[in-house]
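The values are calculated or read from the model by the stated rules, or taken from the named source; none is laboratory data. A quick note: this is a predicted structure, and the numbers were derived from the prediction, not measured. Virtual Cβ from ideal backbone geometry, glycine too; neighbours counted across all protein chains shown.
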Amino acid sequence: MSAVNDTKFTHAEFILSGFAGHEDIHQWISIPFCLIYILSITGNAAIIFLIKTDPTLQEPMYIFLSMLALTDLILMIATMPTILGVYFFNSREISLSSCFAQLFFIHTLQFTESSVLLLMAFDRFIAICYPLRYASILTQPRIAKLGLISVIRSVVLIFPLPFLLKRYPYCRTNVLSHSYCLHQDVMKLACSDITVNNIYGLFVSFSVMWLDSLLIFISYVMILKTVLSLTSRTKCLKALNTCVSHLCAVLLFYTPAIGLALLHRYGSSSSHLLQVVLGYVYRLVPPVIHPIVYSMKSELLRGKIIRVFVK
């Protein structure tokens, strides 16, 4: 079929999917998604508000936490409407332009979250390995610059994706395998050679996810080396305790991300249901768990959140 004919029969919209074969219980499934949405919005908004308004929380660790909360908050706003539309209202249609815009925001925010987790690892590294220089290294202007660089890097790397996808005709099936739009999901529906997208997708993943996870691993190796050199067992445990929340966030983010990447690249025979569930875990669970984990481990933050909700 010629390129002209392919373009002529290009679909005007995509169809979003939920749990295929379980459409009869989609409205019941929408209930936990609604709870996740409410909890994530409330928890992350509360953390941002507290850190923004409380002078005692204007420390680098809490500023990085507010960046993480803001990223999670926007990610939920970009992702959840179409998910709830599919499960609650059976609204499955999404235009190509809206789909490309959604995948741009989802991937940009996920890469930004990876960058923020790297910055938080850098914060723990400086605090434990160079405690006397902590305040002079992580000044507020420098933190703002690091946060801005993280966002710019994500935007620059993801910006070409919608335009790479827009040039393809979609003349085969138009049914996506998720209830939101992703680059790797959309490009599989193109009826043209997608080698460029495959190569660029691998390059972007390596430039952000794999590189950030490697740098985080190296930072913790150095942290562990410093901690083990401490003569006091109490100081050793105290230093490690400051890293627990961040380690939980890192594992919660990168474990399903790596699993999904491997499934998409090499798991062609894997269960589709497994891919869908893992995708939801990767994108929806961290924004709910992050406020809980950090509130539990930070006595100062936990006390302030409790006082706010009691009032």
query: Which condition number does Phe159 fail, the rest of (1) out of contact with any strand residue (DSSP E or B) (no Cβ under 8 Å at 6 or more places or on another chain); (2) modelled with pLDDT under 90; (3) not hydroxyl-bearing (Ser, Thr, Tyr) being met?
result: (2)
query: So, of the residues in the stretch 192-201 that are among the aliphatic types (A, V, I, L, M) and assigned to a helix (DSSP H, G or I), which turns out to be farthest from Gln110 (Cα to Cα)?
result: Val196
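Here's the yes/no breakdown for (1) among the aromatic types (Phe, Trp, Tyr); (2) farther than 30 Å from His272 by Cβ:
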{"residue": "Met120", "(1), (2)": "no, yes"}
{"residue": "Ile126", "(1), (2)": "no, yes"}
{"residue": "Tyr134", "(1), (2)": "yes, yes"}
{"residue": "Thr139", "(1), (2)": "no, yes"}
{"residue": "Leu146", "(1), (2)": "no, yes"}
{"residue": "Tyr170", "(1), (2)": "yes, no"}
{"residue": "Thr173", "(1), (2)": "no, no"}
task: Can you confirm whether the stretch 267-290 contains a residue that is farther than 26 Å from Ala20 by Cβ and either aliphatic (A, V, I, L, M) or modelled with pLDDT of 80 or more (or both)?
output: yes
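Just one of Phe105, Phe111 is surrounded by 20 or more Cβ atoms within 10 Å (Cβ to Cβ) and not charged (D, E, K, R); which is it?
Details: Phe105 fails: surrounded by 20 or more Cβ atoms within 10 Å (Cβ to Cβ).
Step by step, each of Phe105, Phe111 is checked, and only Phe111 is surrounded by 20 or more Cβ atoms within 10 Å (Cβ to Cβ) and not charged (D, E, K, R).
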- request: Go through the stretch 169-183 residue by residue and tally those that are buried (at least 20 other Cβ atoms within 10 Å of the Cβ) and farther than 14 Å from Thr82 by Cβ.
  value: 2
Single unsatisfied condition, Asp72 versus (1) in contact with a Pro (Cβ under 7 Å, 6 or more places away or on another chain); (2) charged (D, E, K, R); (3) at pLDDT 85 or above; (4) surrounded by fewer than 18 Cβ atoms within 10 Å (Cβ to Cβ): (4)
- prompt: Of the residues Ser207, Ser229, which single one is at pLDDT 80 or above, under 18 Å from Ile126 (Cβ atoms), among the small types (Gly, Ala, Ser) and surrounded by fewer than 16 Cβ atoms within 10 Å (Cβ to Cβ)?
  reply: Ser229
- request: Enumerate the pairs (first residue in the stretch 105-125 and free of Cβ contacts under 8 Å to residues at least 40 places away in the same chain; second residue anywhere and surrounded by fewer than 23 Cβ atoms within 10 Å (Cβ to Cβ) and of a type in the set (Gly, Ala, Ser)) with beta-carbon separation below 9 Å, excluding pairs fewer than 6 apart on the same chain, so at least 6 apart or on different chains.
  value: Phe105/Ala78
- line: For the stretch 280-308, pairs from a residue that is farther than 20 Å from Leu240 by Cβ to a residue that is among the acidic types (Asp, Glu) and not in a helix (DSSP H, G or I), with Cβ under 7 Å and 6 or more apart or across chains, are Lys304/Asp54
Test: Thr173 is within 21 Å of Phe19 (Cα to Cα), without any contact (Cβ under 8 Å) to a residue 24 or more places away in the chain and either β-branched (Val, Ile, Thr) or touching a Leu at 6+ places or on another chain (Cβ under 6 Å) (or both): yes
- prompt: So, in the stretch 184-204, of the ones that are more than 24 Å from the chain's Cα centre (by Cα) and exposed (fewer than 12 other Cβ atoms within 10 Å of the Cβ), which residue ends up modelled with the highest pLDDT?
  reply: Thr195
Subset of the stretch 153-168 (residues that are surrounded by 17 or more Cβ atoms within 10 Å (Cβ to Cβ) and among the β-branched types (Val, Ile, Thr)): Ile158
message: Suppose we filter the stretch 202-235 for residues that are part of a helix (DSSP H, G or I) and free of Cβ contacts under 8 Å to residues at least 40 places away in the same chain; how many remain?
response: 15
statement: Subset of the stretch 79-90, residues buried (at least 21 other Cβ atoms within 10 Å of the Cβ) and among the aliphatic types (A, V, I, L, M), comes to Met80, Ile83, Val86
